[in-house]
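First up is the structure itself, then whatever we jot down about it.
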Amino acid sequence: MRETGNGHGGEEAHRTREFTAFTAGASGRLLHVATLLTTEPAHRNPLAQDLLTASLAHTYAHWDRLRGEDPYEVTRSDLAGRFARSARRYHRGRGGVLSSLTPQERLVVVLRLYEGVAEEQTAALLGVPEDRIRAVCARAVSALRAAAS
């Protein structure tokens, strides 16, 4: 016979409250990141919403194991990894200035320039050398400048 009142329900409720507070504060910016990556319009972005939902589900599943890690960084890293693994799905941009970039260029530009992620962290996240990140970022910025003129 199981005992009731073992405290697990309270822990689960606390976990849910913490996660809900995190998503309330971070989901808007994370959705914007996902929308920049997919190049969908902000008002109609089902691919970006799917990416974010999957990443938030991953973060929630690992919430108790974060142990001091920043949940925003964990979610953003998962989001970037999901985007990178399914880049062929996003090869053709759907509009906006970033749509002229390849998915890898978009990912590097969004991480480095929009999110301010260091080169070393971006390289580690994508599993490529830092000089590759520098080259991709420089090429993407040049392409964006050319498109703007």
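Quick notes on this structure:
- Taking Cβ atoms as reference points and 15 Å as the exclusive limit, the residues near residue 30 contribute a net charge of -3, counting Lys and Arg as +1 and Asp and Glu as -1.
- With a simple spin-label model that places each label point 7 Å from the Cα along the Cα-to-Cβ direction, the separation between residue 49 and residue 12 comes to 2.8 nm.
- Converting phi to 3J(HN,Hα) with the Karplus coefficients 6.51, -1.76 and 1.60 and the offset θ = phi - 60°, region 116-122 yields x, 6, 4, 3, 4, 5, 5 Hz in sequence order, with x at every glycine or proline.
- Across region 71-79, rounded Karplus estimates of 3J(HN,Hα) from the backbone phi angles (6.51 cos²θ - 1.76 cosθ + 1.60, θ = phi - 60°) give x, 5, 5, 4, 5, 4, 5, 5, 4 Hz, Gly and Pro being marked x.
- The residues of region 63-128 expose on average 53 square angstrom of accessible surface per residue, using a 1.4 Å probe on protein heavy atoms.
- Residue-averaged [θ]222 nm for the chain, counting only DSSP H segments that reach four residues, each worth -39500 (n - 2.57): -21500 deg cm²/dmol
- For the chain, relative contact order (Cα pairs under 8 Å, six or more residues apart, normalised by length) works out to 20 percent.
- Distance in nm between pseudo-label sites at residue 114 and residue 99 (7 Å out along the Cβ direction from Cα): 1.5 nm
- Element breakdown for the chain at a 1.4 angstrom probe: carbon and sulfur atoms account for 53% of the accessible area.
- R0 of 25 Å, Cβ-Cβ distance residue 27-residue 141: FRET efficiency to nearest 0.05: 0.35
- DSSP-assigned coil residues among trypsin sites (Lys or Arg not before Pro) in region 79-149, each with at most 12 further Cβ atoms within 10 Å: 92
- Calculated FRET efficiency for the pair residue 88/residue 65, C-beta based, R₀ 30 Å, to 0.05: 0.45
- Along the chain, counting only GluC sites (Glu not before Pro) with a DSSP assignment other than H, G, I, E or B and at most 14 other Cβ atoms inside a 10 Å radius, the longest segment between sites is 70-149.
- Read-out P(r) over Cα pairs in 5 Å bins from 0, in percent, derived from the coordinates shown; its label in (1) 2, 7, 12, 16, 17, 16, 13, 9, 5, 2, 1, 0; (2) 2, 10, 18, 24, 21, 14, 7, 3, 1, 0; (3) 2, 9, 18, 20, 17, 13, 8, 5, 3, 3, 2, 1, 0, 0, 0: (3)
- Computed from label points 7 Å out along Cα-Cβ, the spacing between residue 19 and residue 148 is 4.0 nm.
The values are calculated or read from the model by the stated rules, or taken from the named source; none is laboratory data. What you are looking at is a predicted structure, and each value in this text was computed from that prediction instead of being measured. Ideal geometry is used to build each Cβ from the backbone, glycine not excepted, and the neighbour counts take in all protein chains shown. Just so you know, the surface numbers come from the protein's heavy atoms only, side chains and all, with ligands and any DNA or RNA stripped out. Shrake-Rupley method; radii C 1.70, N 1.55, O 1.52, S 1.80 Å.
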